[in-house]
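Student: Supplied in structure tokens, the structure appears directly below.
Coordinate-derived values only; no laboratory data. Predicted model only: the values in this text are computed from it and were never measured. Methodologically, a virtual Cβ is constructed for each residue, glycine included, from the backbone with ideal geometry; neighbour enumeration extends over all protein chains shown.
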Amino acid sequence: MNARFERYRVGLRKWLPFLPLFIFLMVLSSSFSSAAETVQPTITVKVNPDTVLVGDRMHYTIRVRHSEQEVASLEGFDRSGTSAEQPFELISRKHVATTPFSGAAEDLFAFEFGVFGAGHQSIPSFTVVIRDTKGKIAQKINYRPATTLFVRALTDSSMRELRPIKPPLKPSIPSVLIMGLFFGAFGIAGMVLLLLFLLKRTVRNSAERIDSGQVAQRKLKKLGSSLSAGMPPHECYEELSNIMRTFLENHYRISALEAVTQEIERDLKKLGVAGFESIMNLLKQADLVKFADSRPDAEESRQSLNKASEVIRSARSSKAEG
């Protein structure tokens, strides 16, 4: 007897280290077998709100949980309502499919109905159709919700006739408010005009403080550097014409940028500008290059730049003396 007990004890001690592995394999096998089981379809219905007025909207939510290997759909709803005796009008529908856990699937059908009639109304019934992966119908479930919806009438049930409609009253606007709006609009318009005047005056003063002669001299110096770097002479004359016209417009307050050479000549004659001949020779020579295909060389272009610099320097001196 002791020898048999000793053999059992030795054998138990031998297999005892493998006991946790055996338990783990049993649990794992149980989990796989549970996942492999078919999930039975379950249906959940929710109605919100449960009390409405005639013509209000009702939200009808149907949640169907089934096996992941199956597909669920609903029958019994269309755009014309559910049935002749139920006063519901289908407005919109929405379908969302999810997977809550492994082996299961869930379909959420959300409907919106317009509700009519009065009193307690039965919630629309429907049919859940479960199909397998091949599209074959595996199950049909006819579902009739036990919940009811209470529809309240818009008028008291004791009312038997409609009251006459009274014409709408015209709103009376106080004269003080009208006068306030009137003077307020004029005040805002005056402030806008004043701001525009001050802004224009500030811009004009800023422009007067800028020495147009210095700006022109810097541009001529930069143009000379570009000419030395290989700028074509005809492009040099075009830029020289723009520099001279900008200087004349800012220095003598004439329209020189948009005017033709004859108009600039007329305005300068009226002003009695010193160096008038030199200015016109430069502008006419630039016109010949631009419009008459005259092709001066680089040396002629450099001489014209020097003449323009002298004309601008002379004009600044004359203004300072005046």
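Student: Starting from the Cα gyration tensor of region 188-317, take the square roots of the eigenvalues, sort them a ≥ b ≥ c, and report rounded, prolate or oblate (rounded when a/c is under 1.5, otherwise prolate if a/b is larger than b/c, else oblate).
Tutor: Prolate shape, in that a/c is at least 1.5 and a/b is the bigger ratio.
Student: Taking R0 as 56 Å, what's the FRET efficiency between Ser73 and Met179 from their Cβ-Cβ distance, rounded to 0.05?
Tutor: 0.20
Student: Determine ³J(HN,Hα), in whole Hz, for all residues of region 224-240 in sequence, where each value follows from phi through the Karplus function 6.51 cos²θ - 1.76 cosθ + 1.60 and θ = phi - 60°; x replaces Gly and Pro.
Tutor: Taking θ as phi minus 60°, the curve returns x, 5, 5, 5, 5, 7, x, 5, x, x, 5, 5, 5, 5, 5, 5, 5 Hz for region 224-240.
Student: Under the Karplus relation 6.51 cos²θ - 1.76 cosθ + 1.60, θ = phi - 60°, what is the ordered set of whole-Hz ³J(HN,Hα) values for region 90-103, x standing for Gly and Pro?
Tutor: 5, 9, 8, 9, 8, 10, 10, 10, 9, 10, x, 7, 4, x
Student: Beta carbons within 10 angstrom, averaged per residue: use that to sort the peptides 229-240, 140-151, highest first.
Tutor: Ranked by mean Cβ neighbours within 10 Å, highest first: 229-240, 140-151.
Student: Using 7 Å Cα-to-Cβ label points, what is the Arg302/Leu271 separation (nm, one decimal)?
Tutor: Taking the simple label geometry, Arg302 and Leu271 are separated by 3.1 nm.
Student: Distance from the Cα centre of region 264-289 to that of region 89-155, in angstrom?
Tutor: 91
Student: For Asp56, what residues show an amide H to amide H distance below 5 Å, using hydrogens built from the backbone and excluding near sequence neighbours?
Tutor: Result for Asp56 returns Val115.
Student: Continuing with the same structure: Give me the net charge of Arg65's neighbourhood, meaning all other residues with Cβ under 9 Å from the Cβ of Arg65; Lys, Arg count +1, Asp, Glu -1.
Tutor: The answer is -1.
Student: Say the dipole of region 282-322 comes from +1 at the beta carbon of Lys and Arg and -1 at that of Asp and Glu; which of Phe291, Val311, Ser301 then lies farthest toward its positive end?
Tutor: Val311
Student: What dipole magnitude, in Debye to the nearest 20, does region 217-301 give about its Cα centre under +1 on Lys/Arg Cβ and -1 on Asp/Glu Cβ?
Tutor: Roughly 400 debye for region 217-301.
Student: Relative to the Cα centre, what is the charge dipole magnitude of region 175-322, using +1 at the beta carbon of each Lys and Arg, -1 at the beta carbon of each Asp and Glu, and rounding to the nearest 20 debye?
Tutor: That gives region 175-322 a dipole magnitude of about 600 debye.
Student: Next question. Apply the Karplus parameterisation 6.51 cos²θ - 1.76 cosθ + 1.60, with θ equal to phi minus 60°, to every residue of region 245-261 and state each ³J(HN,Hα) to the nearest whole Hz, in sequence, with x for glycine and proline.
Tutor: Computed from phi, the couplings for region 245-261 are 5, 5, 5, 4, 5, 7, 7, 9, 6, 10, 8, 10, 6, 9, 9, 7, 4 Hz.
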